Amino acid sequence: MLTLDELIELRDKLINNEIGIELAKEQCWKDFKEGQRSWHTKDWKERRIKFIKEKCQICSSTETLTIQHLSHPKKYNEYLREITRTYTNHYIDNNSEIDKSVFRNHVLNNYEYVAIPLCPNCMNKNPNERVRKIPKYRCSDCKHEFEEANYRSAIELISIFFEDKDAYEVRDKCFVSKDKWRNQHNISNIKYWFQRDIAKNNDAESIEKNAFILYLNDNIKYLSFENTITACRKCASNYDLYRMELCPKCKEYYKGIQYPTCIQCLPKEKRKAVEEQIEFGKQWRDKEKKLGID
């Protein structure tokens, strides 16, 4: 695992084009071991001594103090998705028109088409299919009864989409991807992923490089103890496990970080209402548990 200074040096080399993205990733992760944590390293421990305060900055306790991060690094793949999305949106904004024949071939080659049944009288989608009565179908809109439904071809739907991308006819997810995921898409979804693939292929190296720089910056921020405080074990675990912190008003009870005070410090009527909600939630969870649906 690289030290803080080594990560900074690696990032600067990547930014200044002194090293390629693949080699940068290799150097960053070459010594990584499953279960290894940064706070186990000598580099962390040496810098921790200089940073940590004499008491908890939340409750003033002096027992079992630790460095508490208020934010944590994202994974590289999260940044990769974000940057890919940014490049894709930029490509779409500047290339809104796509070749109809190329797109049609892409759809037909990569997706299976499951046609939606239509009423032959009014062309309403998904007429009611009857099991016992005949004719087999009855349209819920025009009440027409019929034995054979109409179907649009995939090529017809693609043509409608190019005339009006918001048309009623093209909203159904009637295309199933031929990959292992077997995801369902409508034509608008397919167009987005089609353009996304083009954007990725056009700027693959830039996307990976920018994402990796953000990843390195995030880890450098974490290792340098930026956005951290000194906390006792109790305050640290409440924050990490339950997203709770000590109430700034009473300094006695813990509260969710999204709330200004703990329940005990709320006005009487508001506190009563919150306690009733909590009790109702407990009773409901107990009920689900007894029914075996928890």
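The values are calculated or read from the model by the stated rules, or taken from the named source; none is laboratory data. A quick note: this is a predicted structure, and the numbers were derived from the prediction, not measured. We place every Cβ from the backbone using ideal geometry, glycine too, and count neighbours over all the protein chains shown.
Just the residues that are surrounded by 11 or more Cβ atoms within 10 Å (Cβ to Cβ) and basic (K, R), please, taken from the range 38-72.
If the condition is that a residue be surrounded by 11 or more Cβ atoms within 10 Å (Cβ to Cβ) and basic (K, R), then R47, R48, K53, K55 are the ones that fit.
Identify, by number, the condition in (1) surrounded by 13 or more Cβ atoms within 10 Å (Cβ to Cβ); (2) hydrophobic (A, V, I, L, M, F, W, C); (3) assigned by TED's automatic domain parsing to the domain that holds L108; (4) assigned to a loop (DSSP other than H, G, I, E, B) that F225 doesn't meet.
Unmet condition: (3).
Given the options A211, A231, name the one that is surrounded by 17 or more Cβ atoms within 10 Å (Cβ to Cβ), of a type in the set (G, A, S) and over 19 Å from K74 (Cβ atoms).
That would be A231, the only listed residue that is surrounded by 17 or more Cβ atoms within 10 Å (Cβ to Cβ), of a type in the set (G, A, S) and over 19 Å from K74 (Cβ atoms).
Can you tell which of K200, K255, K249, K180 is out of contact with any helix residue (DSSP H, G or I) (no Cβ under 7 Å at 6 or more places or on another chain) and surrounded by fewer than 18 Cβ atoms within 10 Å (Cβ to Cβ)?
On the way: K200 fails: out of contact with any helix residue (DSSP H, G or I) (no Cβ under 7 Å at 6 or more places or on another chain); K255 fails: surrounded by fewer than 18 Cβ atoms within 10 Å (Cβ to Cβ); K249 fails: out of contact with any helix residue (DSSP H, G or I) (no Cβ under 7 Å at 6 or more places or on another chain).
Matching residue, one of K200, K255, K249, K180: K180.
For the range 28-124, which fully contained helices (runs of 4 or more DSSP H) count at least 2 residues that are farther than 15 Å from L223 by Cβ? Reasoning before the result, please.
On the way: elements: 42-51, 76-94, 100-110.
Ranges flagged: 76-94, 100-110.
Quick one: in the range 215-238, of everything that is over 22 Å from the mean Cα position of the chain (by Cα) and hydroxyl-bearing (S, T, Y), which residue is farthest from K50 (Cα to Cα)?
Among those residues, the one meeting the criterion is S237.
Say we look at the range 95-140 and pick out the residues that are without any contact (Cβ under 8 Å) to a residue 12 or more places away in the chain and of a type in the set (V, I, T); which of these is surrounded by the fewest Cβ atoms within 10 Å (Cβ to Cβ)?
V131
Filter the range 234-246 down to the residues that are outside any helix (DSSP H, G or I), surrounded by 14 or more Cβ atoms within 10 Å (Cβ to Cβ) and either among the charged types (D, E, K, R) or touching a residue at least 40 places away in the same chain (Cβ under 8 Å) (or both) and list them by number. Spell out the reasoning first.
Initial filter on the range 234-246 (outside any helix (DSSP H, G or I)): 243-246.
Among the residues that remain, those that are also surrounded by 14 or more Cβ atoms within 10 Å (Cβ to Cβ) are: 244-246.
E245, L246, listed by residue number.
Quick one: is E97 over 24 Å from V176 (Cβ atoms) and touching a strand residue (DSSP E or B) at 6+ places or on another chain (Cβ under 9 Å)? I'd like the intermediate steps shown before the answer.
Details: over 24 Å from V176 (Cβ atoms): yes; touching a strand residue (DSSP E or B) at 6+ places or on another chain (Cβ under 9 Å): no.
So E97 fails the test.
Looking only at the range 73-94, count how many residues are in contact (Cβ under 8 Å) with a residue 12 or more places away in the chain and more than 20 Å from F212 (Cα to Cα).
2
Filter the range 182-214 for residues that are closer than 30 Å to E18 by Cα, without any contact (Cβ under 8 Å) to a residue 60 or more places away in the chain and over 20 Å from the mean Cα position of the chain (by Cα) and give the result. Talk me through it step by step, then tell me what you get.
Of the residues in the range 182-214, the ones closer than 30 Å to E18 by Cα are 196-214.
Going one step further and asking which of them are without any contact (Cβ under 8 Å) to a residue 60 or more places away in the chain, we end up with 197, 201, 204.
Passing the criteria: N201, A204.
Hey, K173 hits all of (1) modelled with pLDDT under 95; (2) outside any helix (DSSP H, G or I); (3) of a type in the set (D, E, K, R) but one; which does it fall short on?
(1)
From the residues in the range 73-88 that are surrounded by 18 or more Cβ atoms within 10 Å (Cβ to Cβ) and either more than 15 Å from N201 (Cβ to Cβ) or in contact with a Ser or Thr (Cβ under 8 Å, 6 or more places away or on another chain) (or both), which one is modelled with the lowest pLDDT?
P73
Among the residues of the range 186-213, count how many are of a type in the set (K, R) and either touching a Ser or Thr at 6+ places or on another chain (Cβ under 8 Å) or at positive phi (or both). It would help to see each step written out before you state the result.
Taking the range 186-213 as the starting set, the residues that turn out to be of a type in the set (K, R) are 191, 196, 200, 209.
Then drop every residue that is not either touching a Ser or Thr at 6+ places or on another chain (Cβ under 8 Å) or at positive phi (or both), which leaves 196, 200.
So the count comes out to 2.
Residues of the range 141-170 being at pLDDT below 95 and either within 17 Å of H106 (Cβ to Cβ) or touching a strand residue (DSSP E or B) at 6+ places or on another chain (Cβ under 6 Å) (or both), which ones?
The answer is K165, and nothing else.
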